[in-house]
Every structure is written in C-alpha cells, then in structure tokens.
Amino acid sequence: MKVLYIGSEAQATGASFSLAKLIEEEEKLGIEVVPVVHKGNTDQLLNEMGKEHYVVNAWSWMVGKDDSIIKVVAYRIIKGLLNIPCYFQYKKIIKKENPDLVHINALTTYTGAQAAIGCRKFFVWHIREMMEEDLNGRFWSKKQAHSLMNEATCLIAISKCVKTKYQKVVGEQKIRCIYNGIDKNLFYNKDHIVLNGEKIIITMAGRITREKGQFMCLKELLPILKENSNVVLQFAGIGNDYETKKLIDLRDSSGLTDSQVRFLGFVKDMAQLWAETDIAVVYSKFEAFGRVTVEAKMAGALVVGFDSGGTSELINDGVDGYLFNEDEKNLSSVVKFILLNKRISSEIAKNGREAASQIFTSENNAKQIYQLYQEILKK
C-alpha cells in the first residue's frame with residue numbers, strides 16, 4: 001500500500017508532530033509513505049528523521065474570524081492565484097508517485113484535495129481543528145469548503161466533538177472518529193510522582209492566545225499563589241504579544257515575581273517539562289483533542305482541564321484527572337482541593353498515566369488509520 005501525505009501551511013506544531021509520528025508508525029506497518037509538506041515545522045521534523053519528502057508551499061484558505069469582507073476577498077483572490085501553481089505541483093507528484101490514496105493532514109489546506117480529485121484518487125481528510133472555536137479562524141468561503149469536504153472518500157475527526165460538528169456538513173457515514181496518538185516511548189514516565197516536593201509546579205502549555213485561557217488561569221490562581229509561596233505557575237509557549245503583555249502586567253501589578261510566575265517561551269523538550277510538572281492546566285474551552293492533555297497525563301502529571309470540547313473526552317473526572325467549569329467548581333477551587341488532598345490526587349495522576357498510555361498511543365492511532373485505508377481500498 002502506498003499513501004501520499006499532504007501537510008498544511010497553517011498547521012500548528014502539534015499537527016506537525018502528529019503527522020511526523022503517524023508517518024513513522026505507518027511505515028512500521030508496511031505502508032510506503034510519500035510526504036508532501038510545506039516548508040516549516042513538518043519539513044524540519046522530517047529532515048531530522050532523515051525522511052525524504054517533497055516540499056510544496058501551498059497557501060491556507062483560512063482567514064481571521066473577524067476579518068472584514070474586503071480583507072477576506074483580497075486574501076481569497078491573492079492566495080487563490082498563488083495556489084494555482086501549487087495545484088499543478090501536487091498533481092505532478094501524485095501522477096509520478098501513483099499512490100493508492102492521498103491523506104491530507106489538516107483542514108486548513110485545500111489545494112491537495114483539489115489535486116487528488118483532479119487525479120481521480122481516493123483521499124482521506126484529517127480534521128484536527130474546530131476552526132472558529134479554537135483557531136479563531138474561518139474558511140474564506142464556507143460553501144466552497146463544505147463542497148470540497150464532501151468530495152473526500154472519508155474524513156477523520158480527532159475527537160467526538162469534532163465529529164459531531166463536521167458530520168453536519170458531510171453526514172455521519174463519511175466521518176470517522178480516531179483519537180490522536182502520542183509517542184509513549186517519549187512521554188511515558190512511570191517514575192514521576194507528583195505533589196511530593198517542596199515546590200508545587202503548575203504548567204500551562206500552548207500558544208499564548210485569548211482562546212487558550214492563560215490570562216483567566218493566572219487571574220483565578222492569583223489568591224493561591226499569594227497564599228502559597230511554594231506554588232509556581234509557569235507558561236510554556238509563545239504567541240500573541242498583546243496577551244503576553246496582559247499576563248506580565250497582571251503578574252507585576254499583583255506583586256508576584258518572575259520566580260513564581262514564569263514565562264518559559266518555546267519549549268522543545270516537552271517530555272522533560274511534564275516530568276517536572278505536578279499539575280497541568282488546560283483552560284481552553286474548545287480543544288479539538290488536546291495533545292498537551294495526553295502528553296501530560298502520560299508523563300504522570302495531574303491534569304486539570306476545562307469541562308468542554310475534546311478535554312472532557314480525555315479526562316474521567318475524579319478518576320484519572322479533574323475537570324472544572326466557570327461555576328462553583330472553578331479552577332481555583334479544584335487546585336485548592338488538590339493542595340489539601342495530595343495523596344488522593346497523586347493516585348489520580350497515576351491513574352491518568354496508565355489510562356493515557358493504554359488508549360492514546362501512536363501505535364493505536366496508526367493501526368486504526370491503517371484499518372480505515374484497508375476498508376477504503378477494499379470498497
């Protein structure tokens with residue numbers, strides 16, 4: 001079986017890691033994989049892996065959710081024209097490689113789908129984002145996007161909430177929920193015991209944006225940080241300058257120092273970060289899946305997540321992690337409970353580690369996708 005994978009210009013680092021690991025696992029299953037990616041995150045990862053690949057710098061069809069009509073029209077015209085030669089590059093590669101099917105890694109790109117249709121190839125479309133809710137973006141033409149999505153042989157949703165959203169567009173029969181997989185060899189840490197050190201480290205990881213909720217996290221935890229000098233809150237990731245400044249201003253105006261509220265910037269070794277973390281906070285209300293949720297759980301950190309979206313599918317509240325909301329059971333109250341019940345919470349973190357390492361692995365993800373390929377080709 002030969003599969004041509006197409007990466008996306010606008011995909012986040014998480015999608016890049018997912019694609020690189022999926023390629024590695026699919027090759028173990030005997031699939032001949034031909035990657036075609038945009039120069040950037042995935043290109044760099046594949047180079048580090050020593051995996052030969054093509055580079056096509058196609059443009060995304062995403063625009064800002066609040067962009068003006070004039071801006072949207074301008075983007076559509078300019079990027080549409082720039083994508084014309086990319087379309088022919090994809091077609092040339094598809095004809096040369098002659099794969100059994102084409103797999104598109106994210107919903108943020110579309111030119112590869114058009115090329116697969118032009119070459120009369122089966123193609124699978126991976127949906128790794130909620131779009132409006134988590135990326136604060138939208139298609140420049142919802143009608144065009146939905147029409148093209150319906151041309152796919154099958155769509156893969158990375159969580160039930162993603163499937164629920166997009167099955168309204170393509171129908172329930174055409175979309176399959178296959179949870180993302182995390183590299184167990186990299187993240188699983190059986191020796192990590194939380195809440196037993198002098199300091200309690202709370203970590204939020206992800207790009208710094210309003211949607212991810214870093215500001216609300218700091219705001220809610222301020223009383224706990226002031227009352228407990230041994231509790232440290234750290235933010236891993238880069239992002240919106242305005243949101244970052246808001247965080248720094250809130251910290252400084254509250255009288256806290258950079259030793260208690262830390263900004264780590266981009267962190268390459270996430271496995272090491274989670275190994276040093278006691279509590280991982282996921283505040284985003286619209287996670288399509290929540291890669292950091294599974295990474296942190298697998299590494300043995302205690303995950304506290306907002307009770308919505310993909311996060312609520314990944315955490316069994318009070319069993320292998322904790323869920324919170326905006327009402328009485330808010331983040332502050334849950335963290336207070338954890339600090340008062342360290343032994344119980346430490347056991348829950350262990351449960352989370354074992355659950356994640358059994359269910360959300362790269363191997364399971366690859367096997368389910370391979371099975372889907374087989375079903376498609378048999379039909």
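For region 64-77, indicate whether the set of residues that are within 30 Å of Lys168 (Cα to Cα), surrounded by 20 or more Cβ atoms within 10 Å (Cβ to Cβ) and of a type outside the set (Ser, Thr, Tyr) is non-empty.
So the first thing to find is which residues in region 64-77 are within 30 Å of Lys168 (Cα to Cα), and the list is 64-77.
Keeping just the survivors that are surrounded by 20 or more Cβ atoms within 10 Å (Cβ to Cβ) gives none.
No, that holds for no residue.
Please return the ranges of helices (runs of 4 or more DSSP H) entirely within region 118-227 where 1 or more residues are touching a helix residue (DSSP H, G or I) at 6+ places or on another chain (Cβ under 8 Å) and charged (D, E, K, R).
So the answer is 160-170, 184-187, 214-227.
Between Gln374, Gln358, Gln368, the distinction of being in a helix (DSSP H, G or I), modelled with pLDDT under 95 and out of contact with any Lys or Arg (no Cβ under 8 Å at 6 or more places or on another chain) belongs to Gln358 only. Only a single item in (1) hydroxyl-bearing (Ser, Thr, Tyr); (2) open to solvent by less than 30 Å² (accessible area, probe 1.4 Å); (3) not in a helix (DSSP H, G or I) is not met by Ser259, and it is number (2).
Do we find a residue being open to solvent by 10 Å² or more (accessible area, probe 1.4 Å), closer than 23 Å to Gln44 by Cβ and either touching a residue at least 12 places away in the same chain (Cβ under 8 Å) or not polar (S, T, N, Q) (or both) anywhere in region 94-102?
First pass over region 94-102, keeping only residues open to solvent by 10 Å² or more (accessible area, probe 1.4 Å): 95-98, 100.
If we keep only those that are closer than 23 Å to Gln44 by Cβ too, we end up with 97.
Checking the rest, the ones that are also either touching a residue at least 12 places away in the same chain (Cβ under 8 Å) or not polar (S, T, N, Q) (or both) come to 97.
Yes, that holds for at least one residue.
For region 191-208, state whether one or more residues are without any contact (Cβ under 8 Å) to a residue 60 or more places away in the chain, over 18 Å from Ala106 (Cβ atoms) and crowded, with 18+ Cβ neighbours inside 10 Å. Within region 191-208 (the criterion being without any contact (Cβ under 8 Å) to a residue 60 or more places away in the chain, over 18 Å from Ala106 (Cβ atoms) and crowded, with 18+ Cβ neighbours inside 10 Å), the answer is yes, since at least one residue qualifies. Being open to solvent by less than 30 Å² (accessible area, probe 1.4 Å), part of a loop (DSSP other than H, G, I, E, B), charged (D, E, K, R) and in contact with a Leu (Cβ under 6 Å, 6 or more places away or on another chain) is a condition met by at least one residue of region 268-283. Against the numbered list (1) assigned to a helix (DSSP H, G or I); (2) under 28 Å from Val292 (Cα atoms), Val36 comes up short only at (1). For Val33, indicate whether it is within 20 Å of Met149 (Cβ to Cβ), of a type in the set (Val, Ile, Thr) and either more than 17 Å from the chain's Cα centre (by Cα) or surrounded by fewer than 16 Cβ atoms within 10 Å (Cβ to Cβ) (or both). Answer is no for this residue.
Could you list all residues from region 262-295 that are over 29 Å from Asn351 (Cβ atoms) and either in contact with a strand residue (DSSP E or B) (Cβ under 6 Å, 6 or more places away or on another chain) or at pLDDT 95 or above (or both)?
The first filter runs over region 262-295 and keeps only residues over 29 Å from Asn351 (Cβ atoms), leaving 263, 265-266.
Once the filter is applied, which keeps residues that are over 29 Å from Asn351 (Cβ atoms) and either in contact with a strand residue (DSSP E or B) (Cβ under 6 Å, 6 or more places away or on another chain) or at pLDDT 95 or above (or both), region 262-295 yields only Phe263.
The residue of region 284-308 that is nearest to Ser362 (Cα to Cα), among those that are under 13 Å from the mean Cα position of the chain (by Cα) and open to solvent by 20 Å² or more (accessible area, probe 1.4 Å), is Arg291. Filtered by the rule that a residue be open to solvent by less than 60 Å² (accessible area, probe 1.4 Å) and of a type in the set (Gly, Ala, Ser), region 231-254 gives Ala236, Gly237, Gly239, Ser254.
Between Leu4, Leu46, the distinction of being open to solvent by less than 10 Å² (accessible area, probe 1.4 Å) and modelled with pLDDT of 95 or more belongs to Leu4 only. When Lys174, Lys92, Lys79, Lys143 are screened for being farther than 16 Å from Val3 by Cβ and within 24 Å of the chain's Cα centre (by Cα), only Lys174 passes. Residue count for region 326-355, restricted to those that are open to solvent by 20 Å² or more (accessible area, probe 1.4 Å), touching a strand residue (DSSP E or B) at 6+ places or on another chain (Cβ under 6 Å) and in a helix (DSSP H, G or I): 0.
The values are calculated or read from the model by the stated rules, or taken from the named source; none is laboratory data. Keep in mind that what you see is a predicted model, and the values were worked out from it rather than measured. Backbone-built Cβ (ideal geometry, glycine too); neighbour counts: all protein chains shown. Note: areas computed on protein heavy atoms with side chains; ligands, DNA, RNA excluded. Shrake-Rupley method; radii C 1.70, N 1.55, O 1.52, S 1.80 Å.
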